[in-house]
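Chemist: One structure, as structure tokens, below. Some questions next.
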Amino acid sequence: MAIISVAEPLSGALRIRPAQPGEDDIVLDLLAEAAAWLHGRGIAQWPARFPAGSVRTRITTGAALLVEDGPRPMATLTVDEDDAELWGTDTAPAFYLSRLAVARHASGAHLGYRLIEWVSDKAAERGWQYVRLATASNNPALRRYYEHIGFEHVADPPHARWPTSLYQREVHPT
């Protein structure tokens, strides 16, 4: 079940909605822009371009989301209901947040934080316990950011394909 099925207001003119079939390049371009920005800062966290099939799959399942201000995409994120590959068989109800990328033209507006809060609110509405994410363990600035906004470091799984740190933040039902 997707986190949302139709567009929802985020704040002001911003809206968040599921990416639609055929919008693969919009999501891929946002991710590529973020990857290039990271690379320019010496952080090799993401590939220069994600595989199109992985984005297409997430669009098909309703997990890939777009954030827009009018017709212009400002961000993308993926929200899944499980991530057994990294988290194993832990059955605590959670949303798994990944591939959060904010366009450079929208940076500085705390949009990433607002999106994390939105996902946390959605988890709380369902009565779920956590929002979870995986981040690059070799990106100390991002790890500090997540810890600063209430995420707790859980593990660094040795079986991950890249240096990974798992984080979770407890949410409280509304």
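The values are calculated or read from the model by the stated rules, or taken from the named source; none is laboratory data. If you're wondering where the values come from, they're calculated on a predicted model, not measured in any experiment. Ideal geometry is used to build each Cβ from the backbone, glycine not excepted, and the neighbour counts take in all protein chains shown.
Chemist: Taking into account only those residues within the stretch 139-159 that are of a type in the set (A, V, I, L, M, F, W, C) and surrounded by 15 or more Cβ atoms within 10 Å (Cβ to Cβ), which is modelled with the highest pLDDT? So that I can check it myself, show each step before the final result.
Modeler: In the first step, residues of the stretch 139-159 are kept if they are of a type in the set (A, V, I, L, M, F, W, C); the result is 141-142, 149, 151, 154-155.
With the extra rule that they be surrounded by 15 or more Cβ atoms within 10 Å (Cβ to Cβ), the set shrinks to 142, 151, 154-155.
On the way: 142: 93, 151: 98, 154: 95, 155: 93.
Here the residue is 151.
Chemist: Scan the stretch 125-138 and give yes if some residue there is surrounded by fewer than 20 Cβ atoms within 10 Å (Cβ to Cβ), among the aliphatic types (A, V, I, L, M), assigned to a strand (DSSP E or B) and touching a residue at least 60 places away in the same chain (Cβ under 8 Å), otherwise no.
Modeler: If we filter the stretch 125-138 for residues that are surrounded by fewer than 20 Cβ atoms within 10 Å (Cβ to Cβ), which is where we start, we get 125-129, 136-138.
In the following step, the residues that additionally are among the aliphatic types (A, V, I, L, M) were identified as 136.
When the remaining residues are screened for being assigned to a strand (DSSP E or B), the result is 136.
Of the ones still in play, those that are also touching a residue at least 60 places away in the same chain (Cβ under 8 Å) are 136.
Scanning the stretch 125-138 turns up at least one residue that is surrounded by fewer than 20 Cβ atoms within 10 Å (Cβ to Cβ), among the aliphatic types (A, V, I, L, M), assigned to a strand (DSSP E or B) and touching a residue at least 60 places away in the same chain (Cβ under 8 Å).
Chemist: Anything in the stretch 126-174 that is touching a strand residue (DSSP E or B) at 6+ places or on another chain (Cβ under 8 Å), among the hydroxyl-bearing types (Ser, Thr, Tyr) and within 15 Å of residue 45 (Cβ to Cβ)? List them, or say none.
Modeler: Of all residues in the stretch 126-174, those touching a strand residue (DSSP E or B) at 6+ places or on another chain (Cβ under 8 Å) come to 128-137, 142-143, 146-147, 149-157, 160, 162-171.
From what is left, the residues that are among the hydroxyl-bearing types (Ser, Thr, Tyr) are 130, 135, 137, 146, 164-165, 167.
Across the stretch 126-174, the qualifying residues are 135, 137, 146, 164, 165, 167.
Chemist: Can you tell which of 99, 41, 15 is among the basic types (Lys, Arg) and without any contact (Cβ under 8 Å) to a residue 12 or more places away in the chain?
Modeler: Working: 99 fails: without any contact (Cβ under 8 Å) to a residue 12 or more places away in the chain; 15 fails: without any contact (Cβ under 8 Å) to a residue 12 or more places away in the chain.
Just one listed residue meets the conditions, 41.
Chemist: Checking residue 56 against (1) out of contact with any Pro (no Cβ under 9 Å at 6 or more places or on another chain); (2) surrounded by 13 or more Cβ atoms within 10 Å (Cβ to Cβ), which test does it fail?
Modeler: Among (1) out of contact with any Pro (no Cβ under 9 Å at 6 or more places or on another chain); (2) surrounded by 13 or more Cβ atoms within 10 Å (Cβ to Cβ), the lone unmet condition for residue 56 is (1).
Chemist: Condition (residue is farther than 23 Å from residue 171 by Cα and of a type in the set (D, E, K, R)) applied to the stretch 35-54: is it met by at least one residue? Before you say what the answer is, go through the steps one by one.
Modeler: Step one: of the stretch 35-54, the residues farther than 23 Å from residue 171 by Cα are 35-54.
Remaining after also requiring of a type in the set (D, E, K, R): 41, 49.
Checked the stretch 35-54: at least one residue is farther than 23 Å from residue 171 by Cα and of a type in the set (D, E, K, R).
Chemist: Would you say residue 86 is of a type outside the set (D, E, K, R), out of contact with any helix residue (DSSP H, G or I) (no Cβ under 9 Å at 6 or more places or on another chain) and touching a residue at least 40 places away in the same chain (Cβ under 8 Å)? Please lay out each step first, then the result.
Modeler: Details: of a type outside the set (D, E, K, R): yes; out of contact with any helix residue (DSSP H, G or I) (no Cβ under 9 Å at 6 or more places or on another chain): yes; touching a residue at least 40 places away in the same chain (Cβ under 8 Å): yes.
Yes; evaluated as a whole, the condition is true for this residue.
Chemist: Residues 37, 46: which one is aromatic (Phe, Trp, Tyr), out of contact with any His (no Cβ under 6 Å at 6 or more places or on another chain), surrounded by fewer than 18 Cβ atoms within 10 Å (Cβ to Cβ) and not in a strand (DSSP E or B)? Walk me through it before giving the result.
Modeler: Values: 46 fails: surrounded by fewer than 18 Cβ atoms within 10 Å (Cβ to Cβ).
None of the other options fit; the residue is 37.
Chemist: On the given criteria, is residue 96 within 15 Å of residue 4 (Cα to Cα), of a type outside the set (Asp, Glu) and touching an Asp or Glu at 6+ places or on another chain (Cβ under 9 Å)?
Modeler: Values: within 15 Å of residue 4 (Cα to Cα): yes; of a type outside the set (Asp, Glu): yes; touching an Asp or Glu at 6+ places or on another chain (Cβ under 9 Å): yes.
Yes; evaluated as a whole, the condition is true for this residue.
Chemist: Follow-up. In the stretch 58-106, how many are β-branched (Val, Ile, Thr), more than 27 Å from residue 173 (Cβ to Cβ) and out of contact with any strand residue (DSSP E or B) (no Cβ under 9 Å at 6 or more places or on another chain)?
Modeler: Looking only at the stretch 58-106, we keep the residues that are β-branched (Val, Ile, Thr), and these are 59-61, 67, 76, 78-79, 89, 91, 102.
Add one more test, that the residue is more than 27 Å from residue 173 (Cβ to Cβ), and what stays is 59-60, 76, 102.
Still in the running and out of contact with any strand residue (DSSP E or B) (no Cβ under 9 Å at 6 or more places or on another chain): 60.
Qualifying residue count, the stretch 58-106: 1.
Chemist: Counting just the residues of the stretch 59-101 that are polar (S, T, N, Q) and assigned to a strand (DSSP E or B), which one comes out surrounded by the fewest Cβ atoms within 10 Å (Cβ to Cβ)? Working first, answer last.
Modeler: Keep residues of the stretch 59-101 that are polar (S, T, N, Q), which gives 60-61, 76, 78, 89, 91, 98.
So of that shortlist, the ones also assigned to a strand (DSSP E or B) come out as 76, 78, 98.
Details: 76: 27, 78: 22, 98: 17.
Filtering the stretch 59-101 for residues that are polar (S, T, N, Q) and assigned to a strand (DSSP E or B), the one surrounded by the fewest Cβ atoms within 10 Å (Cβ to Cβ) comes out as 98.
Chemist: Only one of 162, 118 is surrounded by 17 or more Cβ atoms within 10 Å (Cβ to Cβ) and either in contact (Cβ under 8 Å) with a residue 12 or more places away in the chain or within 16 Å of residue 34 (Cβ to Cβ) (or both). Can you tell me which? So that I can check it myself, show each step before the final result.
Modeler: Details: 162 fails: surrounded by 17 or more Cβ atoms within 10 Å (Cβ to Cβ).
Result of the check over 162, 118: 118.
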